[in-house]
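The values are calculated or read from the model by the stated rules, or taken from the named source; none is laboratory data. Values in this document were obtained by computation on a predicted structure and should not be read as measured data. Here the Cβ is made from the backbone with ideal geometry for all residues, glycine too, and neighbour counts use every protein chain on show. Surface areas here come from the heavy atoms of the whole protein model, side chains and all, with no ligands, DNA or RNA. Shrake-Rupley method; radii C 1.70, N 1.55, O 1.52, S 1.80 Å.
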Amino acid sequence: MSARVLITGAASGIGEATARELRSRGARVVGLDLRAASDDVIECDVRDQEAVDRGVAAAIERLGGLDVLVNNAGIGFAQSAGAPPDEAALAVIDVNMLGPWRVTGAALPALRESRGRVVNVASGLAHLTLPFATAYCMSKRGLVAYSDALRLEHGDAITVTTVYPGYVRTPIHATSEEDGFALEGLVPVEDVGEVARTMARAALGPPVRDLATTRRGGLGYALLRRAPRRLVDRGTTAVLRRYARGGRFDDSRMAAEFASRLGARPPRTS
């Protein structure tokens, strides 16, 4: 019997690639997304519980049940940890952390019935905090905690896997690039096809608790979990200072002021 899979954020990026990979392996896949990009995607805003309830119910009806839920939908905007959270910051928390909670809650009866699986897509930034990715890092670290809580409460009937992609060139990074905090060149690039294959393994393969999307990422995250935090912070700051001295953060006032605090250059005056 083909696995019945529901994936959020299915219209683009990692979600679209993962849906395609899952279908190539024989799974039946329905997506949820803000825009219904195809007949296999149902329009749904994961910030709205009523919309989630309707979308999940429609997906389960189409599939005739549910074996795997992949909580992939995510957004990212730059914010300062020293400023009150704005609408964009709250939206990041809402989509990335509370969205999976809403969707899982709506899908849980069907998943328990099939003794199914939840795959939560976190990030390498659940392990490594970067400045001005405040809400994003908080949301992804919080999602790991949600995976753990869900596993403790419902591990009698379902399995829960957390996946940790690194930097992938997808539309989620567009706003950070505009704000002057692009990850391009700061961290290794992961191929979206490779990430999709890992996601498919998380959804259809033997159950595992945590799964990095590359071997390099897995080794790096293991090291970050064990390293003293002060050393991680010191190393992160050193790398950022080096890039700031090269003019990397000159593209916006917020980024330039940060470079100034690193001692890399004088603050902007205009």
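Condition check ((1) in contact with a His (Cβ under 8 Å, 6 or more places away or on another chain); (2) under 19 Å from TYR136 (Cα atoms); (3) of a type in the set (D, E, K, R)) across all residues:
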| site | (1), (2), (3) |
| --- | --- |
| THR18 | no, no, no |
| LEU22 | no, no, no |
| ASP45 | no, yes, yes |
| ASP48 | no, no, yes |
| GLU61 | no, no, yes |
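Is it the case that region 90-98 has a residue that's open to solvent by less than 10 Å² (accessible area, probe 1.4 Å), within 19 Å of LEU204 (Cβ to Cβ) and out of contact with any His (no Cβ under 8 Å at 6 or more places or on another chain)? No, that holds for no residue.
A single member of ARG62, ARG54, ARG47, ARG102 is farther than 30 Å from ARG226 by Cα, among the basic types (Lys, Arg), outside any helix (DSSP H, G or I) and modelled with pLDDT of 95 or more, and it is ARG47.
Scanning region 40-53 for residues that are touching a residue at least 60 places away in the same chain (Cβ under 8 Å) and more than 17 Å from VAL195 (Cα to Cα) turns up nothing. Looking only at residues in region 65-83 that are touching a Lys or Arg at 6+ places or on another chain (Cβ under 6 Å) and either part of a loop (DSSP other than H, G, I, E, B) or among the hydroxyl-bearing types (Ser, Thr, Tyr) (or both), which one is farthest from ARG201 (Cα to Cα)? It comes out as GLY65.
So that you can scan it fast, the table gives a plain yes or no per residue for (1) at pLDDT 95 or above; (2) in a helix (DSSP H, G or I); (3) open to solvent by 10 Å² or more (accessible area, probe 1.4 Å):
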site: PRO109; (1), (2), (3): yes, yes, yes
site: LEU125; (1), (2), (3): no, yes, yes
site: PRO131; (1), (2), (3): no, no, yes
site: TYR136; (1), (2), (3): no, yes, yes
site: ALA145; (1), (2), (3): yes, yes, yes
site: LEU152; (1), (2), (3): yes, yes, yes
site: THR161; (1), (2), (3): yes, no, no
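Of the residues making up region 201-223, those that are assigned to a helix (DSSP H, G or I), modelled with pLDDT under 95 and open to solvent by less than 20 Å² (accessible area, probe 1.4 Å) number 1. Look at (1) in contact with a Pro (Cβ under 7 Å, 6 or more places away or on another chain); (2) modelled with pLDDT of 95 or more and you find that THR198 fails only one, number (1).
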